[in-house]
Amino acid sequence: MDLRKLKTLIDLVSESNISELEITEAEGKVRIVKAMPVAASAAMIAMPSTAAGVAAPAAPTGAGIALPGAAAEAETGHVISSPMVGTFYRASSPGGKPLVEVGSAVKEGEPVCIIEAMKIMNEIEATHSGTITKVLCENGQPVEFGQPLFVIE
């Protein structure tokens, strides 16, 4: 497939409501996926919980969906955020003891969780010394870059 045709397809996807396009030809296969902005995708997730189709402002609540970064604004203390996209694990092995719990005292640089990205286990360290006051993610939950994981006071 020549570059002019590929550019035309990319422009078509970016200007339309299509989120994904896959074309297979004799020369090969091309798949174009449009990335949705975090705010737009979170608003789409939050919409079903609103009454009569009226969109309410997205605000983190105990039962609601927490938006990445939104919990950081509402929390007091230091927030440890995810430095990458991956899967959040509280323990270093399945069924193992969590690295930290609510009330655990941590020192700066001490591991607090694991994020698996592309089959690589990455230890995430505390950015400040203090006490863990909140764990903002569930074990095995996918996390995004910048998503709050813990609150330290």
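The values are calculated or read from the model by the stated rules, or taken from the named source; none is laboratory data. What you are looking at is a predicted structure, and each value in this text was computed from that prediction instead of being measured. Here the Cβ is made from the backbone with ideal geometry for all residues, glycine too, and neighbour counts use every protein chain on show.
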task = Could you please find all residues in the range 129-150 being more than 19 Å from P94 (Cα to Cα) and loosely packed, with under 14 Cβ neighbours inside 10 Å?
result = S129, F145
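Can G53 be described as exposed (fewer than 13 other Cβ atoms within 10 Å of the Cβ), farther than 20 Å from P148 by Cα and modelled with pLDDT under 85?
In short, yes.
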note = A careful count of residues in the range 101-134 that are more than 13 Å from G77 (Cα to Cα), in a strand (DSSP E or B) and in contact with a strand residue (DSSP E or B) (Cβ under 7 Å, 6 or more places away or on another chain) gives 14
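Taking V143, is it over 10 Å from V79 (Cβ atoms) and hydrophobic (A, V, I, L, M, F, W, C)? Step through it out loud before you land on a result.
Details: over 10 Å from V79 (Cβ atoms): yes; hydrophobic (A, V, I, L, M, F, W, C): yes.
Against the criterion (over 10 Å from V79 (Cβ atoms) and hydrophobic (A, V, I, L, M, F, W, C)), V143 qualifies.
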Members of the range 118-148 that are in contact (Cβ under 8 Å) with a residue 24 or more places away in the chain, among the β-branched types (V, I, T) and out of contact with any Cys (no Cβ under 9 Å at 6 or more places or on another chain) = T127, T131, I132, T133
message = Of the conditions (1) loosely packed, with under 11 Cβ neighbours inside 10 Å; (2) under 16 Å from the mean Cα position of the chain (by Cα); (3) at pLDDT 50 or above, T76 satisfies every one except a single condition; which number is it?
response = (2)
